[in-house]
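Here's the structure, in structure tokens; my notes come after.
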Amino acid sequence: MPRTSTNPGTGGDRFVTDAVVPGAHAVRVVFGVGALTEVAGEALRLGSRLLVVAGAHEDAAADRVCAGLDGAAAGRVRDVEQHVPVALAEAAVAQASRVGADVLVAIGGGSATGLAKAVALTTGLPVLAVPTTYAGSEMTPIWGMTDGGVKSTGRDPRVLPRTVVYDPALTVTLPAALTAASGMNALAHCVEALYAPDVTAELAEAVVDGVAALAQGLRGAVADPADLEARSRALRGAWSAGWALGSTTMGLHHKLAHLIGGAYRLPHAGLHSALLPQVAAYNAGAAPDALAQVARGLGADSAHDAGPALFDLAAELGAPTSLRDLGLPADAIDRLADTAAGLDVVTPRPVDRAGVRALLQAAFDGTRPASTPGAGEDQP
Ligand code: NAD
């Protein structure tokens, strides 16, 4: 009997699948060009009073969804900001209660999804997400909120969307710079999922395919943002990446990105892009199979080629490769190395201060990692 691919849609077709997220419910995934027209019907499977959360950029898409709802559109939340300020979350919760909403529809990037999740965390309302970037929040039970400049995060199955509708046509407006950085963010989820202790064979298959889909799709989308085939490929890779992010334990890379982003308020996706090649090089000797899979997805050969290949891809796409260019001060490196050395993190190569300091320095300078094992690296 032929083996069925666990990653549907590899032929570029529309697909519908149920993706199981451990510790939470299965997410109904609807993927295809033009799938925005299915959002109203999908939302009405979940409830009959819809509150639509969509920032300014997504206004037109939100209008189209609401037009298909007859009397079921209960209200709109347009005030969307990165990192979900608590005040915005409280205002949205109050609005949901005022209009008697029984389902939340989020249209936008991680910020719109994050606001709907914050409302779900308090109210328990189901969420339908329509992502327009490659960040992956729509496939995770992870919420985040900011209060007085301090970001708190947590996991709760109530915030994991019940349904996610991916329409690549919504991503053609994503500017090249955001496309590149957001795509590198998705690749970071793939890389860390492949060496996560809890990755399953099914997920690994989806993620390996996701690496190749992202690399090809991002190249095409950056060259021509309106190329729907490239956009479909990139978004399909991003859905695998988001599924992996929600289903596995992320390692050193995500800890560092969170640490630096929180302390220095640097752009989320760009940080991922600058750190990822260096973290892949750091772990290459300790996770040779996982990093070799990443390398092959990028058209390279061995685990030690993964870091350089990720660096070359970021450079080709015009995504950030240097923390200095993102605005990190030079004197932050030692402080970050001290903190990182004390982190409780599950990652293939143990975290030692000297190794992490060298990693951070390379990410700061934007140095292309070498294709040979570095000093102090664990060998297979
Ligand atoms: P974002 O949602 O803030 O969007 C960035 C900008 O791009 C915004 O101005 C937005 O309006 C615009 N935009 C979005 N889609 C567009 C499109 N198709 N065309 C043109 N412009 C578009 O950015 P993001 O990177 O998607 O999300 C970042 C946020 O998500 C951060 O707060 C991050 O912490 C969070 N996040 C959370 C998780 C999770 O699992 N909880 C995962 C990833 C990211």
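The values are calculated or read from the model by the stated rules, or taken from the named source; none is laboratory data. Since the model is a prediction, treat every value here as computed from it, not as a measurement. Don't worry about glycine lacking a Cβ; one is built from the backbone with ideal geometry, like all the others, and counts go over all protein chains shown.
Okay, residues lined up against (1) closer than 21 Å to ALA244 by Cβ; (2) in contact with a Phe, Trp or Tyr (Cβ under 9 Å, 6 or more places away or on another chain); (3) aromatic (Phe, Trp, Tyr); (4) modelled with pLDDT of 95 or more:
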| position | (1), (2), (3), (4) |
| --- | --- |
| GLY114 | yes, yes, no, yes |
| THR123 | no, no, no, yes |
| PRO126 | no, no, no, yes |
| VAL130 | yes, yes, no, yes |
| GLU138 | yes, yes, no, yes |
| GLY148 | no, no, no, no |
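Looking at the structure I just gave you, is ALA300 of a type in the set (A, V, I, L, M), more than 17 Å from ARG349 (Cα to Cα), without any contact (Cβ under 8 Å) to a residue 60 or more places away in the chain and part of a helix (DSSP H, G or I)?
On the way: of a type in the set (A, V, I, L, M): yes; more than 17 Å from ARG349 (Cα to Cα): yes; without any contact (Cβ under 8 Å) to a residue 60 or more places away in the chain: yes; part of a helix (DSSP H, G or I): no.
In short, no.
When you check ASP352 against the structure, is it exposed (fewer than 14 other Cβ atoms within 10 Å of the Cβ) and modelled with pLDDT of 95 or more, yes or no? When the stated conditions are applied, ASP352 does not pass them.
Regarding the stretch 195-211, can at least one residue be identified that is under 18 Å from GLY114 (Cβ atoms) and either in contact with a helix residue (DSSP H, G or I) (Cβ under 7 Å, 6 or more places away or on another chain) or more than 10 Å from the ligand (Cβ to nearest atom) (or both)? Write out each step before concluding.
Of the residues in the stretch 195-211, the ones under 18 Å from GLY114 (Cβ atoms) are none.
No: zero hits.
When GLY114 is tested against (1) surrounded by 15 or more Cβ atoms within 10 Å (Cβ to Cβ); (2) over 25 Å from ALA169 (Cβ atoms); (3) touching a Ser or Thr at 6+ places or on another chain (Cβ under 9 Å), only condition (2) is not met. Tell me which residues, restricted to the stretch 77-106, are closer than 26 Å to GLY242 by Cα and free of Cβ contacts under 8 Å to residues at least 60 places away in the same chain. Answer for the stretch 77-106, where residues must be closer than 26 Å to GLY242 by Cα and free of Cβ contacts under 8 Å to residues at least 60 places away in the same chain: VAL77, ARG78, ASP79, VAL80, GLU81, LEU88, ALA89, ALA92, VAL93, ASP102, LEU104, ALA106.
There is at least one residue in the stretch 48-58 that is in contact (Cβ under 8 Å) with a residue 60 or more places away in the chain and away from the ligand (no atom under 16 Å from the Cβ).
Condition test on ALA92, is it at pLDDT 95 or above, over 25 Å from the mean Cα position of the chain (by Cα) and under 25 Å from ILE142 (Cβ atoms)? Outline the logic, then answer.
Details: at pLDDT 95 or above: yes; over 25 Å from the mean Cα position of the chain (by Cα): no; under 25 Å from ILE142 (Cβ atoms): yes.
No.
Residues are listed down the side, and each one gets a yes or a no for (1) over 16 Å from the mean Cα position of the chain (by Cα); (2) modelled with pLDDT of 95 or more:
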site: PRO168; (1), (2): no, yes
site: PRO197; (1), (2): yes, yes
site: GLU202; (1), (2): yes, no
site: ALA215; (1), (2): no, yes
site: THR248; (1), (2): no, yes
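Among the residues of the stretch 114-152, those that are near the ligand (Cβ under 7 Å from one of its atoms) and among the hydroxyl-bearing types (Ser, Thr, Tyr) comprise THR132, THR133, SER137, THR140. Within the stretch 237-268, the set of residues being of a type in the set (Val, Ile, Thr) and within 24 Å of LEU323 (Cβ to Cβ) comprises ILE260 only. The set of residues from the stretch 64-111 being part of a helix (DSSP H, G or I), surrounded by 16 or more Cβ atoms within 10 Å (Cβ to Cβ) and in contact with a helix residue (DSSP H, G or I) (Cβ under 7 Å, 6 or more places away or on another chain) comprises VAL65, ALA72, LEU88, ALA89, ALA92, VAL93, ALA96, GLY110. Taking the residues in the stretch 168-182 that are more than 6 Å from the ligand (Cβ to nearest atom) and over 14 Å from ARG219 (Cα atoms) as candidates, determine which candidate is surrounded by the fewest Cβ atoms within 10 Å (Cβ to Cβ). For the stretch 168-182, the residue satisfying everything is ALA169.
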